[in-house]
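A.B. asks: My structure is below; once you've seen it, I'll send some questions.
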């Protein structure tokens with residue numbers, strides 16, 4: 001018996017062709033009656049082996065003709081996006097909005113990706129402008145840093161889901177006191193990451209404005225309120241960096257800063273104030289955190305002594321209820337470049 005070489009494409013095709021012709025000849029010699037009468041009804045009779053072989057051989061031969069070189073496999077079939085349905089296909093498609101599949105983020109500059117699926121990631125004032133200019137609920141990507149500072153919100157009300165105080169606050173830079181944007185939870189129940197105090201977590205959110213569920217008839221600006229869709233990117237929790245700013249090239253002198261601080265303190269001291277200390281540097285290095293002053297803003301911190309009203313007590317107002325005893329010190333913080341007062345706190349820390 002001759003042993004065929006089935007690894008040869010031509011030999012395989014020739015063998016299939018011979019099988020096909022043999023089945024055709026057999027079918028011609030023994031025609032099949034494919035209809036049989038059963039109980040007065042006509043129903044198809046199952047084809048005999050010869051017809052099955054004929055059909056199988058025809059199909060196999062057709063596949064052989066279409067596929068070309070069988071030994072080399074079938075070519076990948078193009079998918080609807082021009083990719084391949086074969087397992088080797090690496091084609092990807094861009095989602096209609098980030099979060100539907102793993103978004104592709106652009107360069108990470110300063111700790112936050114610049115883009116997500118080609119759309120800009122907006123921070124700080126740029127995000128605020130986008131909210132105000134929005135005309136519909138199309139998604140907006142915003143980024144920033146969650147920080148671990150404590151936030152005190154107003155009394156819990158039925159509209160808390162549309163209050164940014166109960167949502168996300170993203171710093172425009174990983175530094176206390178810088179501008180930040182607030183994002184309301186809306187109907188999302190996604191947990192907000194707990195960030196340790198003194199640390200930050202870089203984050204990118206997909207948000208929208210014009211939320212249809214935002215309660216109308218309230219003081220909430222539903223048309224421009226950013227509402228959470230999804231968290232689309234998170235970095236790692238890291239310590240808040242130390243201020244790395246340098247003293248501006250020009251600014252007010254120390255004697256000028258002291259004079260301005262004394263003039264300011266004199267307005268609510270019952271005695272003539274005097275200077276205790278005067279230092280300049282990044283705000284966080286010379287003054288207490290918690291104020292809305294960028295931690296790396298260069299300032300003059302002047303501590304003065306005198307007799308100042310206690311906190312939350314109006315100075316020289318006889319109509320106010322009795323106040324706590326006056327305090328003896330006051331901190332006056334001036335912008336280094338302009339000399340304007342940016343913070344006054346009594347007693348001094």
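Since every read-out is calculated from the coordinates, none of them should be taken as a lab result. None of the values given here were measured: they were computed from a predicted structure. Cβ sites come from the backbone with ideal geometry, for glycine too, and all protein chains shown count toward neighbours.
A.B. asks: Suppose each label sits 7 Å from its Cα in the direction of the beta carbon; what would the residue 250-residue 152 distance come out to in nanometres?
C.D. replies: Going by the 7 Å Cα→Cβ label model, 4.1 nm.
A.B. asks: Can you tell me the length gained on complete extension of the stretch residue 138 to residue 189, counting 0.36 nm per residue apart and subtracting the Cα distance?
C.D. replies: 16.3 nm
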